[in-house]
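The values are calculated or read from the model by the stated rules, or taken from the named source; none is laboratory data. Quick caveat: nothing in here was measured; it's all calculated off a predicted structure. Note that each Cβ is placed from the backbone with ideal geometry, even for glycine, and that neighbours are counted across all protein chains shown. In case anyone asks, the SASA skips ligands and DNA or RNA and just uses the protein heavy atoms, side chains included. Shrake-Rupley method; radii C 1.70, N 1.55, O 1.52, S 1.80 Å.
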Amino acid sequence: MIEFPNAKINLGLNILRKRTDGYHDIESCFYPVGWKDALEIVPSANFTFASSGIEIPESSSGNLCTQAFELIQRDHQIDEVSIHLHKNIPIGAGLGGGSADCAFTFQILNRLFQLQLTNQQLEEYASSLGSDCPFFVKNTPVIASGTGTTLTPISLDLSDYYMVLVYPGIHISTAEAYSGIKPDSNQTSIKQIVSEKPVKEWKNYLKNDFETSLFPKYPILKDIKNQFYESGAVYASMTGSGSAIYGLYKEAAENPFKEYKSFCGFL
């Protein structure tokens, strides 16, 4: 069974407060986009995981696809599988590619072994492996709050907008991004902004708090954002904890950043 896990962008990102458990409460609008990996899972006599494309850093507990399989197998005693992931979404870019791979693994296993797990159950599994993971179960626009796992559907359609999304080759870990953050709970609600303000006004209201500390550290990120506006984008922002930057245009636009890995297309 083959699926194509997709990336997401953040429309605004407020870091509200640091929690007693060490995590942060946030608010952001998650929106799915078409930059995709390829994930194949088939039954097998022995478990195997292989990858191609962008190299995946191994953690002590294995990659997220392997962890997802182990969780499902623990609870449902399913047979072994072979997993192949072709990694195309940049890592450390704020695009949620690893989280998408994780969530899609749960969904494929659910169908492959006819487990009949509900979306809510799949989201609970996904949330145990990463804050962004549950979003990719339903894969529709949401307002994310709490640590990013409380998802509230929002009626938002940007299909008339053309997006240019670029990755400038800078890997930013979540820990690095949060190290420069000063939480502020007194911020305008992102839900209010994206629901009530036209997109052409977002640049005056909608912001990503990570830009404050990461732009001085990596000036090229600010330069790219400025170039988006200079080339006619109606809104531009860093996504997630960086380093990918996107620009939204009212019509198809030429990519001004052809030297970087990028994705272009209507949302």
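Compute the convex hull volume of the Cα atoms of segment 36-132, divide it by the residue count, and report the result per residue in Å³ as a whole number. Walk me through the intermediate numbers first.
Values: hull volume 9.5 nm³, N = 97.
Once divided by residue count, the hull of segment 36-132 is 98 Å³.
Rounded, prolate or oblate: which one fits segment 128-205, using the alpha carbon gyration tensor with axes a ≥ b ≥ c (rounded when a/c is under 1.5, else prolate when a/b beats b/c, else oblate)?
On the way: a/c = 1.28, a/b = 1.24, b/c = 1.03.
Here segment 128-205 falls in the rounded category.
Among the lysines, which have Cα under 16 Å from the Cα of Lys203 when same-chain residues fewer than 8 positions away are ignored?
Within the straight-line cut-off, Lys203 pairs with Lys191, Lys222, Lys225, Lys250.
Pop a pseudo-label 7 angstrom from the Cα along the beta-carbon direction at both Ser185 and His76 and give the gap in nm to one decimal.
4.0
Out of all DSSP beta bridges with both ends in segment 1-145, state the antiparallel percent to the nearest 5. Numbers along the way, then the final one.
Details: 22 of 28 bridges.
About 80 percent, rounded to the nearest 5.
For the pairs Lys8/Lys182; Lys138/Lys200; Lys87/Lys217; Lys200/Lys261; Lys18/Lys258, flag any whose C-alpha to C-alpha distance is greater than 31 Å. Please report the intermediate quantities before stating the final value.
On the way: Lys8/Lys182 24 Å; Lys138/Lys200 28 Å; Lys87/Lys217 27 Å; Lys200/Lys261 26 Å; Lys18/Lys258 38 Å.
From the list (Lys8/Lys182; Lys138/Lys200; Lys87/Lys217; Lys200/Lys261; Lys18/Lys258), the Cα-Cα distance tops 31 Å for Lys18/Lys258.
Most mobile of Ile143, Ile108, Ile245 per a Gaussian network model of the chain (Cα springs, under 10 Å)?
Ile108
Can you tell me the length gained on complete extension of the stretch Ser173 to Thr20, counting 0.36 nm per residue apart and subtracting the Cα distance? Kindly include the intermediate steps, with their values, before the conclusion.
Details: separation 153, 0.36 × 153 = 55.08 nm, distance 2.15 nm.
Net length gain for the segment: 52.9 nm.
Of the residues Ala45, Ala68, Ala233, which exhibits the maximal mean-square fluctuation in a Gaussian network model of the chain defined by a 10 Å Cα contact cut-off?
Most flexible of the set in this elastic network: Ala45.
Rounded to the nearest 5, what % of DSSP beta bridges with both residues in the chain are antiparallel?
Values: 42 of 49 bridges.
So the antiparallel bridges amount to about 85 percent of the total.
From the mean inverse distance of alpha carbon pairs (Kirkwood) and the Cα radius of gyration, derive Rg over Rh for the chain.
0.97
If you count only protein heavy atoms with a 1.4 Å probe, what accessible area per residue comes out for segment 65-163, rounded to a whole Å²? Before the final figure, lay out each step's value.
Details: 3950 Å² over 99 residues.
Normalised by residue count, the accessible surface of segment 65-163 is 40 Å².
Could you give me the ³J(HN,Hα) list for segment 158-172, computed from phi with Karplus coefficients 6.51, -1.76, 1.60 and θ = phi - 60°, whole Hz, x at Gly and Pro?
Result, ordered by residue: 10, 5, 7, 9, 9, 10, 10, 10, 10, 10, x, x, 10, 8, 10 Hz.
Measure off, as a whole percent, the carbon and sulfur share of the 1.4 Å-probe accessible area of the chain, all protein chains present.
Numbers: 5740 of 12300 Å².
Carbon and sulfur: 47 percent of the exposed surface of the chain.
Show me the three semi-axes of the equivalent ellipsoid for segment 24-89, from the C-alpha gyration tensor (sqrt of 5 times each eigenvalue), largest first, rounded to whole Å.
Calculated on Cα positions only, the semi-axes equal 25, 17, 13 Å.
Skipping prolines and chain starts, which residues have an amide H placed within reach, meaning under 5 Å, of the one on Gly146, given they are 5 or more residues away or on another chain?
Ile26
Let's see if you can work this out: charge +1 on each Lys and Arg Cβ, -1 on each Asp and Glu Cβ, no other charges. What is the dipole magnitude of the chain about its Cα centre, in debye to the nearest 20? It would help to have the intermediate numbers written out before the result.
Details: 21 positive and 29 negative charges, 139 e Å.
Charge dipole, the chain, about its Cα centre: 660 debye, nearest 20.
Hey, how much of the P(r) for segment 169-267 falls beyond 19 Å, as a percent of Cα pairs?
Details: 2246 of 4851 pairs.
For segment 169-267, the share of Cα pairs beyond 19 Å comes to 46 percent.
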